[in-house]
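Here the structure comes first, spelled out in structure tokens, and everything after it is commentary.
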Amino acid sequence: MASKTRIYIVLEYVNGGELFDKIVHQTRLKEDEARKYFQQLIDAVDYCHSRNVYHRDLKPENLLVDANGNLKISDFGLSALPQQCRADGLLHTTCGTPNYVAPEVINDKGYHGATADLWSCGVILYVLMAGYLPFDESNLMTLYRKIHKAEFTCPSWFSPGARRLIMKILNPNPKTRITAAQMYKNEWFRKGYTPPKFDEEVRINLDDVDAVFSESTEYMVTEERDSKPAPMNAFELISLSRGLNLSGLFETRGQQARPEKETRFTSTKPAKQIISTIEEAAKPLGFNVQKRDYKMKLQGDKHGRKGHLSVATEVFEVAPSLFMVELRKKGGDTLEYHNFYRSLFKGLEDIVWRSEADGKTSPLETRSGKSSPVK
């Protein structure tokens, strides 16, 4: 909605956070809970497909949960419509998050959006039940080879029914991959399943909406002046949002893109104090610290599931009295990184800036202000 001088974006408030947060908190979900979310995911994706909308970037980071446990799909920025198909009826844009993309998307010979989305749903189901990715390599070409061959193993705690369904979804041949219609008949999927009820479309009278957003002084929204430090300009803030920054989708020759996790928080403390506080908080957690100006490298002593955890940290000046601190995982396991950050954050309480509005800051603030998420 827009007036002559303002643009209003109205979004649904989903207060349950990202589904990924549940995985981080619980390590992995129990099978019945994972099945419940997976059933909702298939319902939502199938609904989109019935209207010829293909998401193309399904992952736990883009799945939100409301207070009632209802799943919501977000971030349709890479979604495709029928008019984007070429003469062969296929989509040809290579996009999405590498660990979740289907083999046919990588092959660059065209793909059907529906079957590619279902592959991503299979990866999500695996992550919910295992707590880690079925395909996870630091080298992009090695990762793609494993995806192309569907080279993965299921943990021992997966039930036979779940294992069989995942194998049918993560079938590298899109022509024989299980469809949504077939999934609804699957014994494991149908356990405890309740079909969704969609509200009938309601005609809405927009006269009241137009009146609220009219230019009359009676309805004019006044801009509040606050005492917070001057923010970065809008374009710089947008560039920090991974949801709007598409540079990671393209790989130049001679370079290998590497999935990374990044986390940010703001502080009004002096930059040197920020650096020293991070150092003091990291060392007791078993991390060696290397400093250079306002950049730091935190290297874990412990050998984790994917080797030693390595975190790059940098302090940026947003305004004379406001700094943004960015932590980026450079090596190691993603879940181990988030567990490390939660522990680190406890030692950073004194330097993290909190707005008066919320009075608290989430320990995981990434991309467009949402809680962090598995790449």
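Below, the figures for the structure above:
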quantity: Verdict on Arg35 being surrounded by fewer than 19 Cβ atoms within 10 Å (Cβ to Cβ) and either part of a helix (DSSP H, G or I) or more than 21 Å from the chain's Cα centre (by Cα) (or both); calculated: no
quantity: Subset of region 87-105 (residues that are more than 19 Å from Ile178 (Cα to Cα) and out of contact with any Gly (no Cβ under 7 Å at 6 or more places or on another chain)); calculated: Ala87, Gly89, Thr93, Thr94, Cys95, Gly96, Thr97, Pro98, Asn99
quantity: Any hit, region 91-106, residues being crowded, with 22+ Cβ neighbours inside 10 Å, over 18 Å from the mean Cα position of the chain (by Cα), over 28 Å from Gly192 (Cα atoms) and among the hydroxyl-bearing types (Ser, Thr, Tyr); calculated: no
quantity: Set Arg56, Arg86: member being in a loop (DSSP other than H, G, I, E, B), closer than 25 Å to Asn171 by Cα and within 17 Å of the chain's Cα centre (by Cα); calculated: Arg56
quantity: Val53 in contact with a strand residue (DSSP E or B) (Cβ under 8 Å, 6 or more places away or on another chain), β-branched (Val, Ile, Thr) and crowded, with 19+ Cβ neighbours inside 10 Å; calculated: no
quantity: Of all residues making up region 298-337, the number that are crowded, with 21+ Cβ neighbours inside 10 Å and either among the polar types (S, T, N, Q) or at positive phi (or both); calculated: 3
quantity: Test: residue in region 156-170 that is of a type in the set (S, T, N, Q) and in a helix (DSSP H, G or I); calculated: no
quantity: Residues that are among the small types (Gly, Ala, Ser) and within 21 Å of the chain's Cα centre (by Cα), drawn from region 299-342; calculated: Ser310, Ala312, Gly331, Gly332
quantity: Residue within region 14-22 that is out of contact with any Leu (no Cβ under 8 Å at 6 or more places or on another chain), small (Gly, Ala, Ser) and over 15 Å from Ile124 (Cα atoms) present; calculated: no
quantity: Of residues in region 338-370 being surrounded by fewer than 19 Cβ atoms within 10 Å (Cβ to Cβ) and hydroxyl-bearing (Ser, Thr, Tyr), the one modelled with the lowest pLDDT; calculated: Ser368
quantity: Any hit, region 10-30, residues being more than 18 Å from the chain's Cα centre (by Cα) and closer than 18 Å to Tyr132 by Cβ; calculated: yes
quantity: Near pairs, Cβ below 8 angstrom, 6+ apart or cross-chain, from region 30-47 (outside the structural domain of Gly131 (by TED's automatic domain parsing)) to any residue that is among the small types (Gly, Ala, Ser) and surrounded by 21 or more Cβ atoms within 10 Å (Cβ to Cβ); calculated: none
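Every residue, every condition in (1) more than 22 Å from Phe189 (Cα to Cα); (2) assigned to a loop (DSSP other than H, G, I, E, B), yes or no:
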site: Leu41; (1), (2): no, no
site: Ala44; (1), (2): no, no
site: Asn52; (1), (2): yes, yes
site: Leu64; (1), (2): no, no
site: Thr93; (1), (2): yes, yes
site: Glu104; (1), (2): yes, no
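Yes/no per residue for (1) modelled with pLDDT of 95 or more; (2) out of contact with any Asp or Glu (no Cβ under 9 Å at 6 or more places or on another chain):
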{"position": "Asp88", "(1), (2)": "no, yes"}
{"position": "Thr93", "(1), (2)": "no, yes"}
{"position": "Gly96", "(1), (2)": "no, no"}
{"position": "Glu104", "(1), (2)": "yes, yes"}
{"position": "Ala114", "(1), (2)": "yes, no"}
{"position": "Val123", "(1), (2)": "yes, yes"}
{"position": "Leu133", "(1), (2)": "yes, yes"}
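The values are calculated or read from the model by the stated rules, or taken from the named source; none is laboratory data. It should be emphasised that the depicted structure is a prediction, and the values quoted were computed from it without experimental measurement. Every residue, glycine among them, receives a Cβ derived from its backbone with ideal geometry; neighbour counts consider all protein chains shown.
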